[in-house]
Amino acid sequence: MNDTRQPISPDTARKHSRLRGAAKSHSVCPYCAVGCSQNVYTKGGEVIDIEGDPESPINEGTLCPKGANTFQLVSNPHRITKVMYRAPYSDRWEERPLDWAMDRIARLVKETRDRDFVERSAEGIEVSHVKTIAHLGGATLDNEENYLIKKLFSGGLGFLAIENQARI
Ligand code: SF4
């Protein structure tokens, strides 16, 4: 590339794409059911960029503004990495340990399900459901997580209301 016959300064000759030398993996945008294809670029085990895949017949290299920011899911200094809890009627968030949050969620789910689980309807039809607990998933949940959520909450615990924020 360093053609000495061209009027190119050493500084210009040194410039190159930030993706040079990066490994490319294919992925799918996690946000919505359009399923745009993405190229994930990694260097030294770190994700350095995520872009639209030009070879995809779905999005032909493009991503909407949401999908174009997928890199920020991986690398974002503003991402909250601790459990934040807001007590009922409180106007502030408090930091709590993960174990505390897991225990609280498990206890409340068990108490509510024990209280409200319906095995048979008034007509005697087996329904095996609980209507007082709902689950709302996030757009960035992957296929495996969604599979487990559906399997546990719907088939296992009998929740009827299982939704995902990606479709709201
Ligand atoms: S890039 Fe936009 S349109 Fe494509 S899957 Fe992601 S959210 Fe949906």
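The values are calculated or read from the model by the stated rules, or taken from the named source; none is laboratory data. Remember, it's a predicted structure, so these values are computed and weren't measured experimentally. Reconstructed Cβ throughout: ideal geometry from the backbone, glycine too, with neighbour counts over all protein chains shown.
Under the condition of being surrounded by 10 or more Cβ atoms within 10 Å (Cβ to Cβ), under 29 Å from G137 (Cα atoms) and more than 15 Å from the ligand (Cβ to nearest atom), the residues counted in the range 36-48 number 5. So for the range 78-96 (the condition being surrounded by 10 or more Cβ atoms within 10 Å (Cβ to Cβ) and polar (S, T, N, Q)), does at least one residue qualify? Within the range 78-96 (the criterion being surrounded by 10 or more Cβ atoms within 10 Å (Cβ to Cβ) and polar (S, T, N, Q)), the answer is no, since none of the residues qualifies. Taken over the range 122-139, the residue count meeting the criterion of being of a type outside the set (V, I, T) and loosely packed, with under 14 Cβ neighbours inside 10 Å is 9. Looking only at residues in the range 14-30 that are of a type outside the set (G, A, S) and more than 24 Å from the chain's Cα centre (by Cα), the one that is farthest from the ligand (Cβ to nearest atom) is R14.
Against the test of being among the acidic types (D, E) and either surrounded by 14 or more Cβ atoms within 10 Å (Cβ to Cβ) or under 30 Å from V34 (Cα atoms) (or both), the options D99, D142 yield a single qualifying residue, D142.
Before we move on, is V40 in contact (Cβ under 8 Å) with a residue 24 or more places away in the chain, closer than 22 Å to E144 by Cβ and not acidic (D, E)? No: the conditions fail for V40.
Pairing residues of the range 24-35 that are over 12 Å from L141 (Cα atoms) with residues that are more than 7 Å from the ligand (Cβ to nearest atom) and assigned to a loop (DSSP other than H, G, I, E, B), at Cβ distances under 8 Å and at least 6 apart in sequence or on separate chains, gives H26/D53; V34/I58; G35/I58.
For the range 118-168, filtering for residues that are of a type outside the set (D, E, K, R) and either in the same structural domain as Y31 (by TED's automatic domain parsing) or outside any helix (DSSP H, G or I) (or both) leaves 27.
Restricted to the range 62-77, and to residues that are outside any helix (DSSP H, G or I) and surrounded by fewer than 14 Cβ atoms within 10 Å (Cβ to Cβ), which residue is farthest from the ligand (Cβ to nearest atom)? Checking each candidate, the answer is P77.
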